[in-house]
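Written below as structure tokens is the structure these notes are about.
The values are calculated or read from the model by the stated rules, or taken from the named source; none is laboratory data. Since we're looking at a predicted model, the values are computed, not measured. All Cβ positions, glycine included, derive from the backbone under ideal geometry; neighbour counts span all protein chains shown.
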């Protein structure tokens, strides 16, 4: 299966791009060809990209100022059977492409959502991610499409499914989740699959403070841009997931208490980001 890796980038993100492209070009994949497409948005001269892109990377640009417009431009020019999406600050692991392709070849999956981890793992972040991994497993095994979500830092879409349910809505945030939910709703939930072995490492996150800052920024952007997201998970289900994580990982009382406190901090941070976004004066698109 030939794949196309599509990376939208704006001027403020070009400093992250060399490491991202190095990871994209160092994939351990022999199941087909790989092309890498960088799309600069909004349209502008991009000497930083061209200077290190080289012949293995196609560089495009688009006038419209949203990352989804850039993704759509890349998809329209891509030749791969699968479209893999990531962002400049993310560095794919060497088996990233192979893991997505394997999931796309298994069962009925036409959309796969991968895993995002910090550039440097710490114990507190590892505890939080153990819960988020269990939450993701629950979401993508659920029969309720409303809980499904996309992950623009790390997802793949079969070209044939993008042809029926794309392109992305050209909004500032949330179009990936809209597409995932549409596929799960209109076709089948089992067409959307979790790909936990498809890992990218977020260069801007390297510990708990930056992890929480990223969550704050995500919630802030969702509120500012009036973006829809996945339906919230009911409290009893969250409690059951917490207990399952504790049992699965063999956490003792201290680790369990630490995880509970970290989850509380994460919820407060996310809500604070949403509250802050509510006071930002951004017109509804």
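Would you mention how many residues in segment 188-247 are in a helix (DSSP H, G or I), touching a residue at least 60 places away in the same chain (Cβ under 8 Å) and more than 23 Å from residue 143 (Cα to Cα)?
Count: 5.
Residue 24: within 17 Å of the chain's Cα centre (by Cα) and at pLDDT 90 or above, yes or no?
The answer is yes for residue 24.
Here's the yes/no breakdown for (1) in contact with a helix residue (DSSP H, G or I) (Cβ under 6 Å, 6 or more places away or on another chain); (2) within 13 Å of residue 199 (Cα to Cα); (3) outside any helix (DSSP H, G or I):
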{"site": "71", "(1), (2), (3)": "no, no, no"}
{"site": "91", "(1), (2), (3)": "yes, yes, yes"}
{"site": "94", "(1), (2), (3)": "no, yes, yes"}
{"site": "116", "(1), (2), (3)": "no, yes, yes"}
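I need a count of the residues in segment 135-167 that are touching a residue at least 24 places away in the same chain (Cβ under 8 Å), farther than 23 Å from residue 201 by Cα and in a helix (DSSP H, G or I).
Going through segment 135-167 one residue at a time, the tally reaches 7.
Output the number of residues of segment 2-12 satisfying the condition of being under 30 Å from residue 160 (Cβ atoms) and either surrounded by 24 or more Cβ atoms within 10 Å (Cβ to Cβ) or modelled with pLDDT under 95 (or both).
Count: 7.
Does residue 65 meet the test of being part of a loop (DSSP other than H, G, I, E, B), in contact with a strand residue (DSSP E or B) (Cβ under 6 Å, 6 or more places away or on another chain) and under 20 Å from residue 13 (Cβ atoms)?
no
For segment 149-180, name all the residues that are under 13 Å from residue 78 (Cβ atoms) and either touching a strand residue (DSSP E or B) at 6+ places or on another chain (Cβ under 8 Å) or surrounded by 20 or more Cβ atoms within 10 Å (Cβ to Cβ) (or both).
If the condition is that a residue be under 13 Å from residue 78 (Cβ atoms) and either touching a strand residue (DSSP E or B) at 6+ places or on another chain (Cβ under 8 Å) or surrounded by 20 or more Cβ atoms within 10 Å (Cβ to Cβ) (or both), then 156, 157, 158, 159, 162, 166 are the ones that fit.
Being modelled with pLDDT of 90 or more, more than 21 Å from residue 159 (Cα to Cα) and under 19 Å from the mean Cα position of the chain (by Cα), is that true of even one residue in segment 34-42?
Within segment 34-42, one or more residues are modelled with pLDDT of 90 or more, more than 21 Å from residue 159 (Cα to Cα) and under 19 Å from the mean Cα position of the chain (by Cα).
Among the residues of segment 174-181, is any over 16 Å from the mean Cα position of the chain (by Cα), at positive phi and either in contact (Cβ under 8 Å) with a residue 24 or more places away in the chain or in a helix (DSSP H, G or I) (or both)?
no
Any residue at all in segment 198-206 that is farther than 20 Å from residue 152 by Cβ and surrounded by 15 or more Cβ atoms within 10 Å (Cβ to Cβ)?
First, pick out the residues of segment 198-206 that are farther than 20 Å from residue 152 by Cβ: 206.
Okay, now just the ones that are also surrounded by 15 or more Cβ atoms within 10 Å (Cβ to Cβ), so 206.
For segment 198-206, residues farther than 20 Å from residue 152 by Cβ and surrounded by 15 or more Cβ atoms within 10 Å (Cβ to Cβ): present.
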